[in-house]
Amino acid sequence: MPPRKRANPVQNELPGVSSTKEIQDILWKAADKLRGSMDAAQYKEFVLGLVFLKYVSDAFAERRAEIEKSLDAIAEQRRAQFLDDKDEYTSQNVFWVPEVARWDSISEQAASTDDGVGRLLDDAMDEIMKHNPVLTGVLPKIFNRDNVDKRRLKELVDLISDARFTGHGNRPAQDVLGEVYEYFLERFARAEGKRAGEFYTPASVVKLLVEVLEPYEGRVYDPCCGSGGMFVQAKKFVAAHAGRDHTHDIAIYGQEANERTWRLAKMNLAIHGIDPEGIGNRWADTFAEDKLPDLKADFIMANPPFNMSDWARKTTDPRWRYGTPPQSNANYAWLQHIVSKLGDRGSAGVVLSNGSMSSKQSGEGEIRAAMIEADLVACMIALPANLFRTTAIPACLWFLNKDKGPQGAKALADRRGEVLFIDAQAMGTMVDRTERVLTNDDLSKIADTFHAWRGTQSATNRGVGYKNVSGFCHSRTIEEIRKQDFALTPGRYVGPAETEPDPNAEPIQDRIDRLTKALFSQFEEADRLEAVVREQLGRICD
C-alpha cells in the first residue's frame, strides 16, 4: 500500500493522539472496559474486531480524500462516479466500506442510541463481508448478544474513536495497525497464559526462524498457523532485505484448527496486506483434513502444540514415511507431515519441546534415527528457558532441509552428512521476572552462525566464515550422531564453553612455587612444634 495523506478527522478524535504507542494505550484501555464482563478469549475477539473495523474505515476515508483531491478539475457528476468506484479502492489494497459501516457513521449513531450500538456493529461487520468476499465468515458478529454489556460497549466505541491509524507521516495505515494488532496479540497472550499457545509465538522466536530460513521468494507454509505471525514476519523480512516491491515474491499457505484463531489470522493477514485466501475458507485440523494435499513448499515455519496426545492418528497415513508416530505424542507426526510438504530443495524450521531431541518412547527414537539417516536434519538449536509465557516446557528448534548440497548456482557449502548444533541456552535477556527475549544481537549471532556454516549468499556478502566454537556451536557427522544413539541434544556435541584467561591471574609456575614454599614452611613449623612438645613431655617425666 502506498504512503497515505491524512484524511479529515473523524468525530471524537482527540488532539495529539497520533503515535503508535498512544494508539496502543488507548485501545488497551478499550480492552479493559470489557475485561470484567467476559473471558479473555471473548474480549480478544471484541476488541480486535473493532480495531479492524476502525482501520478499514480510516483507510477508506483516507483513500477517498486522495481521490477527491485528484478530481478538483472534474465536474461534480463525474466526481461522484469516481468516488463510488470500488476499483479505485481495491486496486490500492483498500477494502470497500459501505456507508453504513463507516466509523464516523457508527460513532454518530451510537451517540444517539442507548442499546442499539451492538446492532450497528453487527450490521457493519455484515456489510463489509458482503462487499469484500475475502473477508466472508471472518469478522465477528457478536456485539448484539444478550450477554454483552451495552453501556461498556458504547464506551469502548468512544475510546476506539480516539484512535486514528492514518496520518503518521510517510507510514501507511497498514503498518500502524499492523503494529497495534501484533501488540494486542502479545498482550492478550500474556492475559490468557497457557491458553494463548494456540495463537501466539513469541516474536523473537518467530524472527529467529525467519532469519535462519531467509524466505526471499517462493511458497511459505505453516500447518498450524495460529494468528498468522510466521507469515507476517516473513513479509517483513522480504520488505527489509529486498524492499516493499518484492513482498509479493512470497505466497503463503496454511491452515488452523481453531475457529477463533483462524479468524484472528484472517484479519491479521488482511491488515498486513497479505492475501488471506492462503489459509483457506474454513478452519480445519491438519492431521484429520489436510486442506493442501498436493502442496510442495519452499519454506515451512511452524510452532505446533507441544507433546499433543489428542490428535487424529491414522496408522496407514502415507505421511508416516519414517515410522508411525505414537498416539501419546504428535511431535513426530508434525515433523513427518512437514517433511512431506517440502519441495525438492525446501527447508523448514519447527519449534518443538526439548524431549523431541532424545525421546525413545513408543518408537520415536527409531523415527528420529530414520530421519537423520535420510539426511533431513540440517541444524538443531537449544533455546533458553522462559521464552514462552504459555508453557514451562523447554523448547528447541529443528531445521530440516531436503537438499544439503551446493544446490547449483547457489554455490552453498556441501553439508551432506552433517548436522550443525547450536546451544543458545545461555542467551537472551530477562525483560521481567518470568519472561526472556532473544535480543537482536542474539538473533544475529545465531543466524550468522547458521549462514556461515551453510555458506549462503548473506554470509558471503558479510565475509563471515564458519568455525566450531566450544560451548556454542559444532558441526558433527551422521556417524558421530550414530555413536550418540541418534540423540540430537546440542549439549552433547558442542562441548564445554571455553573460559577466557584472566590477564591479572598469577602465572601457573609462580603459583606452584608459592604453594610449594608455603607447604614446606608448614612442614618446618610442624617439626618445630613437635620438638617443643617432646621437650615439654621430657621435663614432665623427669
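Would you be able to say whether some residue in the stretch 309-326 is without any contact (Cβ under 8 Å) to a residue 60 or more places away in the chain, under 20 Å from ARG219 (Cβ atoms), in contact with a strand residue (DSSP E or B) (Cβ under 8 Å, 6 or more places away or on another chain) and not polar (S, T, N, Q)? No, the conditions are met nowhere in the stretch 309-326.
Taking into account only those residues within the stretch 385-398 that are closer than 21 Å to PHE472 by Cα and in contact with an Asp or Glu (Cβ under 9 Å, 6 or more places away or on another chain), which is least open to solvent (accessible area, probe 1.4 Å)? I'd like the intermediate steps shown before the answer.
Step one: of the stretch 385-398, the residues closer than 21 Å to PHE472 by Cα are 385-387, 394-398.
Then drop every residue that is not in contact with an Asp or Glu (Cβ under 9 Å, 6 or more places away or on another chain), which leaves 386-387.
On the way: ASN386: 74, LEU387: 3 Å².
So, considering only residues that are closer than 21 Å to PHE472 by Cα and in contact with an Asp or Glu (Cβ under 9 Å, 6 or more places away or on another chain), the one least open to solvent (accessible area, probe 1.4 Å) is LEU387.
Of the set (1) crowded, with 16+ Cβ neighbours inside 10 Å; (2) in a loop (DSSP other than H, G, I, E, B), all apply to ALA61 but (2). Any residue in the stretch 87-103 that's under 19 Å from ILE160 (Cβ atoms): show its pairings with residues that are assigned to a loop (DSSP other than H, G, I, E, B) and open to solvent by less than 30 Å² (accessible area, probe 1.4 Å) at Cβ separation under 9 Å, as long as the two are six or more apart or on different chains. Listed by first residue and then by second, the contacts come to PHE95/ASN132; VAL97/ASN132; ARG102/VAL10; TRP103/VAL10; TRP103/VAL97. Note on the stretch 403-423: among residues that are over 21 Å from GLU479 (Cβ atoms) and either in contact with an Asp or Glu (Cβ under 7 Å, 6 or more places away or on another chain) or free of Cβ contacts under 8 Å to residues at least 40 places away in the same chain (or both), the one that is surrounded by the most Cβ atoms within 10 Å (Cβ to Cβ) is PRO406.
If you go through the stretch 233-260 and keep only what is within 14 Å of VAL210 (Cβ to Cβ) and not charged (D, E, K, R), you end up with GLN233, ALA234, PHE237, VAL238, ALA239, ALA240, HIS241, ALA242, THR247, ILE250, ILE252. Return yes or no: is ILE446 in contact (Cβ under 8 Å) with a residue 40 or more places away in the chain and either surrounded by 15 or more Cβ atoms within 10 Å (Cβ to Cβ) or of a type in the set (A, V, I, L, M) (or both)? Considered against the rule, which asks whether it is in contact (Cβ under 8 Å) with a residue 40 or more places away in the chain and either surrounded by 15 or more Cβ atoms within 10 Å (Cβ to Cβ) or of a type in the set (A, V, I, L, M) (or both), ILE446 comes out as yes. Only residues that are over 21 Å from ALA59 (Cα atoms), of a type outside the set (A, V, I, L, M) and either open to solvent by 30 Å² or more (accessible area, probe 1.4 Å) or in a loop (DSSP other than H, G, I, E, B) (or both) were counted across the stretch 256-276, and they come to 4. Checked against (1) in contact (Cβ under 8 Å) with a residue 12 or more places away in the chain; (2) within 21 Å of ARG319 (Cα to Cα), LEU269 passes all but condition (2).
Please determine whether any residue of the stretch 221-241 is farther than 26 Å from VAL431 by Cα, open to solvent by 30 Å² or more (accessible area, probe 1.4 Å) and among the small types (Gly, Ala, Ser). For the stretch 221-241, residues farther than 26 Å from VAL431 by Cα, open to solvent by 30 Å² or more (accessible area, probe 1.4 Å) and among the small types (Gly, Ala, Ser): present. Of the residues making up the stretch 404-419, none is within 19 Å of THR201 (Cβ to Cβ) and either under 20 Å from the mean Cα position of the chain (by Cα) or at pLDDT below 95 (or both).
When only residues in the stretch 199-229 that are among the hydrophobic types (A, V, I, L, M, F, W, C) and at pLDDT below 95 count, which is farthest from the chain's Cα centre (by Cα)?
To start, the set of residues in the stretch 199-229 that are among the hydrophobic types (A, V, I, L, M, F, W, C) comprises 199, 203, 205-206, 208-210, 212-213, 220, 224-225.
Checking which are at pLDDT below 95 leaves us with 199, 203.
Numbers: PHE199: 10, ALA203: 4 Å.
Per the stated criteria, the residue is PHE199.
Restricting attention to the stretch 7-35, the residues that are modelled with pLDDT under 65, over 12 Å from TRP103 (Cβ atoms) and open to solvent by 70 Å² or more (accessible area, probe 1.4 Å) add up to 3. Residues in the stretch 512-533: is at least one modelled with pLDDT of 95 or more and open to solvent by less than 50 Å² (accessible area, probe 1.4 Å)? No, the stretch 512-533 has no match at all. Among the residues examined, ASP375 does not qualify as over 20 Å from VAL205 (Cα atoms), surrounded by fewer than 21 Cβ atoms within 10 Å (Cβ to Cβ), at pLDDT 95 or above and under 26 Å from the mean Cα position of the chain (by Cα). If you take the residues of the stretch 93-151 that are hydrophobic (A, V, I, L, M, F, W, C) and exposed (fewer than 15 other Cβ atoms within 10 Å of the Cβ), which of them is nearest to the chain's Cα centre (by Cα)? The qualifying residue nearest to the chain's Cα centre (by Cα) is VAL100. For TRP320, the conditions (1) open to solvent by 10 Å² or more (accessible area, probe 1.4 Å); (2) aromatic (Phe, Trp, Tyr); (3) under 17 Å from the mean Cα position of the chain (by Cα) all hold with the exception of (3).
The values are calculated or read from the model by the stated rules, or taken from the named source; none is laboratory data. Fair warning: this is a prediction, and the values are worked out from it, not measured in the lab. With ideal geometry, Cβ positions are generated from the backbone for all residues, glycine too; neighbour counts draw on all protein chains shown. Quick note on the areas: whole protein, heavy atoms, side chains included, nothing else; ligands and nucleic acids left out. Shrake-Rupley method; radii C 1.70, N 1.55, O 1.52, S 1.80 Å.
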